[in-house]
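Report on the structure given below.
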Amino acid sequence: MAQDAGLATPDGAPVNQAGATETGEGVRRRDFINIAAVAAAGVGGLATLVPLISQMAPSADVLAESSTEVDISAIKPGQAIKAMYRKQPLFIRNLTAAEVAAAGKVDVSSLRDPQTLEQRTKEGKANWLITMGVCTHLGCVPLGAGEGEVKGEFGGYFCPCHGSVYDTAARIRKGPAPKNLEVPEYVFNSDTVVKIG
Amino acid sequence: MSFPWANEYKPSHPFMQWMDSRLPLPRFVYNAVGAGYPVPRNINYWWNFGFLALICLGLQIVTGIVLAMHYAANAGIAFDSVEHIMRDVNWGWLMRYAHGNGASAFFVVIYIHIFRGFYFGSYKPPREMVWLLGVAIFLLMMATAFMGYVLPWGQMSFWGAKVITGLFGAIPLVGEPIQQWLLGGFAPDNAALNRFFSLHYLLPFVIVAVVVLHIWALHIPGSTNPTGVEVKTESDTLPFFPYFIAKDGWAALAFLMIYCAVVFFAPNMLGHPDNYIPANSMSTPALIVPEWYFWPFYAILRSFTFDFFFIPAKLMGVLAMFGSILVWFFLPWLDKSPVRSGNYRPLFRKFFWFGLIPSVLLLGYCGGSHAAEPYLMLSQIGSFYYFAHFLIILPIISSIERPDPLPFSITESVLGHDGNAALGAAA
C-alpha cells in the first residue's frame, strides 16, 4: 500500500526503495541503525563466548598443582618408581649400565620417533630416564615401572591396552603408539631431588 | 501432512472445542499419534522399534532423574554415592540397574531400528531428512551413554574417559589443547566428571527435541512399509490409533518382559566387573573395553595399526571410527537403487545378510577382545568390508542389480491380485 502511494519522509521528500531520500545525500538512518544494532549484538555475542568457552579450560587450582618435586635418592639402578604429576603417572627410572648401552646401540634412523637416549635425558645423568607413564596411543599406563611388571620385548615398557612396546629409552618400538613416551620438563634441583614441571 | 482420507479431528465436547480454537494441542496429538495419522497397513514387527526406542528414552529420563537426586558428581565421593544408591537409598538398586540396563536395551532397540532402515531402504527419497535426523540422534545417544558410563567413577569409567578423550589428542597441532579444554585438566578428574554429569543430564532433552523433528519429518511422507511401495489409496492404510497403538503396546509388553528379566535376574550381565573398583589414575585395567554397544566402533578404532600414507595410525583409527557413522549420513546418495525394500532386491539382500551383518558382528566380537592377534587382523577384515559395503558395494549393486517385480500396491501385496478381494475387504 505504501509502495503504491509512494514512500515519503515525514516532511514529504520522496524516498526510494532502499530507504534513502532521493533528494538528500542518502541519510539511510534505518541502515545505520540496523548495522549498528547487529554489530553491537554480534560483538557482544562473541565477547560472551569468551568466558563461556574458557571456563572449561583447566582452572587455577588445577594449574597450581602442575609442578611436583620428587626425591629419587632411594631408587637403585634397575629400579623405577611411579610418581604422580598433573594427576597422571610419571615414571622415574634409574637405568643400569646395560640398559643405557642397549639404548645406545639402536640405529636411531630406524625408529618411528627418532631420538637418542641423550636427547631424552639430562647431560651427565643418562641413567635417569624420566618420562610420563602415559602411553602415547590412547593414554593407558604402560607396565614396566613397578616391581615384577612385564617390561616387553625391548626391556622398557609394555602397554597392555593395545600392545605398544617401548625400549629402555622409552622410545616406541612396536605397536600402535605414534610417539615415544613424553619427557616432561624437569630440572635436577640437587643430585637427589628433581622438580618436574 | 496427511493423506486426503486421514480422519479429521472433530472435538465434540464444548471444552475441547474451546481449547481447539485457542491451543490446538489435542489436534496436534491426534494428527501425530492418533486416529489422524494413516499408517501403511502391512508394516511388520520391525516397525515396532521406533516406538520401543521412545519407551527406552522415557525410561532412561525417568530413572535418570531419580538417580540424579542421590548421585554426587564429585571425584572424591562419586563412587561411594553410587554404592550409597545401591545399598541405602530405597529402591536405589532398582533405579540404577534399570538405568544401566536401560542403556543397553535402548541400544539393542536402536540398532534393530537402524538396521530395519538399512534393509528396507527407509533412508531413500523422500525420507532423507528422517534418516539424517536419526543418525544425529544416534550420535547424541552415543555421547550421552559414554558420559553416563563415566559417572560411577570406577576403573572402566575413568579409563574409558581417558581413552575416549585421548582420541581428540590425535588431532594434529590443536589436539592436546582441545583435550585439556574438554577435560578441564591434564587427565580426567573432578572438572571432567562434573561437566560430564551436566551434559549427561542435558543431552537426553536435546534428544527429545531431535526425536520430535525426526517424527515430524517422518509424518510428511508417512511411514515406509515392507514392500517399499508408496501408499496410493485409503485401502493401503489404517489409522495409527487404535490399530498401531495396540500393536506397539503389544511389542512394548514383550520388550519390557525381556528387559525386566535382565534387570531382576542378570543386572550385571552386560556390565564390566572392573567398574566396581574405584577409579585409580595410576593403574590401568588389564583390558579396557567400552560397553558392548560400542564394541564394533572400538574395533574399527584399533584396527589401524599402521600409518596410512602420511596419516599416522592413531589419527587414522580415530577418523575411521567417526567415519564409520558419518558414512551413514551419505547413505541416501550412495544407494541409488529406486527400489526401497530389500525384499525385492536379490543382490542387495545377499550383501546385507552375508556381508554387512557378519562384518558388524565380527567387529563387535573383536572390539570386546584383547588388542592382539587374531583379533586385530579380524578387525581389519571387518573394517575393510564395512567401509567397502557402503562406499563401493552399495553404489555398484544399485546400478547393476535387476530387482524383483514390485506389487502394484500395498493392498495388492496384502490381499493378492484378485481385485474383488480388495473390494470385498473394503466393503
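The values are calculated or read from the model by the stated rules, or taken from the named source; none is laboratory data. Since the model is a prediction, treat every value here as computed from it, not as a measurement. With ideal geometry, Cβ positions are generated from the backbone for all residues, glycine too; neighbour counts draw on all protein chains shown. Protein only, heavy atoms only, side chains kept; ligands, DNA and RNA dropped before computing areas. Shrake-Rupley method; radii C 1.70, N 1.55, O 1.52, S 1.80 Å.
Working from the Cα coordinates of chain A, the gyration tensor eigenvalues give, after taking √(5λ), semi-axes of 67, 19, 15 Å in decreasing order.
Out of B:Gly416, B:Ile397, B:Cys56, whose Cα points farthest toward the positive end of the dipole of chain B (charges: +1 Lys, Arg; -1 Asp, Glu; placed on Cβ)? Ranked along the dipole, the leading option is B:Gly416.
Across the options A:Gly152, A:Pro176, A:Thr121, the greatest Cα extent toward the positive end of the charge dipole of the stretch A:62-196 (unit charges at beta carbon of Lys, Arg, Asp, Glu) belongs to A:Pro176.
Excluding ligands, DNA and RNA and using a 1.4 Å probe, chains B and A jointly bury around 2400 Å² of accessible surface, summed across both partners.
Once the Cα-Cα distance is subtracted from the 0.36 nm per residue extended length, the B:Asn194 to B:Ile311 segment shows a gain of 38.7 nm. Counting only protein heavy atoms and a probe of 1.4 Å, the accessible surface of the stretch A:62-196 is 51% carbon and sulfur.
With the simple model of a label 7 Å out from the Cα in the direction of the Cβ, B:Ala372 to A:Ala101 spans 3.2 nm. Summary value for the stretch A:62-196: 25 percent relative contact order, contacts being C-alpha pairs under 8 angstrom separated by 6+ residues. For chain B, the longest principal axis of the Cα atoms and the long axis of helix B:375-388 meet at an angle of about 40 degrees.
Roughly how far apart, in whole Å, are the Cα centres of the stretch B:295-369 and the stretch A:53-112? The distance from the Cα centre of the stretch B:295-369 to that of the stretch A:53-112 comes to 39 Å. Quick one: which of A:Lys87/A:Lys151; B:Lys314/B:Lys350; A:Lys87/A:Lys122 span more than 28 angstrom between C-alpha atoms? Over 28 Å apart, Cα to Cα: B:Lys314/B:Lys350.
Distance from the alpha carbon centroid of the stretch B:183-209 to that of the stretch A:147-163 works out to 33 angstrom. Rounded to the nearest 20, the Cβ-based charge dipole of chain B about its Cα centre (Lys and Arg +1, Asp and Glu -1) stands at 400 debye. Computed extension length for A:Phe188-A:Glu147: 12.3 nm, one decimal, from 0.36 nm per residue of separation with the Cα-Cα distance subtracted.
The distance between label points at A:Phe32 and A:Ser110 comes to 7.7 nm (points 7 Å beyond Cα on the Cα→Cβ vector).
Please work out the FRET efficiency for the pair B:Met142 and A:Gln119, using the Cβ-Cβ distance as r and a Förster radius of 60 Å; give the result to the nearest 0.05.
Efficiency computed from Cβ-Cβ geometry: 0.90.
With the solvent-accessible surface defined on protein heavy atoms using a 1.4 Å probe, which residues belonging to the stretch A:130-144 display a reduction of at least 20 Å² in accessible area in the multichain context relative to the isolated chain? At a threshold of 20 Å² (probe 1.4 Å), the residues of the stretch A:130-144 that become less exposed are A:His137, A:Leu138, A:Gly139, A:Cys140, A:Val141.
Between B:Leu361 and A:Thr48, what's the calculated FRET efficiency when r is the beta-carbon distance and R0 is 30 Å? Round to 0.05. Between B:Leu361 and A:Thr48 the formula returns 0.05.
In this structure chain A gives 55 Å² per residue of accessible area when probed at 1.4 Å with all protein chains present.
In the stretch A:77-93, comparing the full protein assembly with the chain on its own, the residues that lose 10 Å² or more of accessible surface at a 1.4 Å probe are A:Lys82, A:Met84, A:Arg86, A:Lys87, A:Gln88, A:Pro89.
Could you please state how large a percent of the accessible area of the stretch B:42-426 is carbon and sulfur, counting protein chains only and using a 1.4 Å probe?
74
The calculated FRET efficiency for B:Ala32 paired with B:Asp80, based on their beta-carbon distance and R0 = 45 Å, is about 0.50.
In this structure the stretch B:42-426 gives 45 Å² per residue of accessible area when probed at 1.4 Å with all protein chains present.
Between amide H atoms placed 1.01 Å from N, distances below 5 Å from A:Leu143 occur with A:Phe158, A:Cys159, all of them 5 or more places distant or on a separate chain. Comparing each chain alone with all protein chains together (probe 1.4 Å, DNA, RNA and ligands left out), the residues of the stretch B:283-299 losing at least 50 Å² of accessible area are B:Thr284. Each label was represented as a point 7 Å from its Cα along the Cα-to-Cβ direction; for A:Asp61 and B:Met19 these points are 5.0 nm apart.
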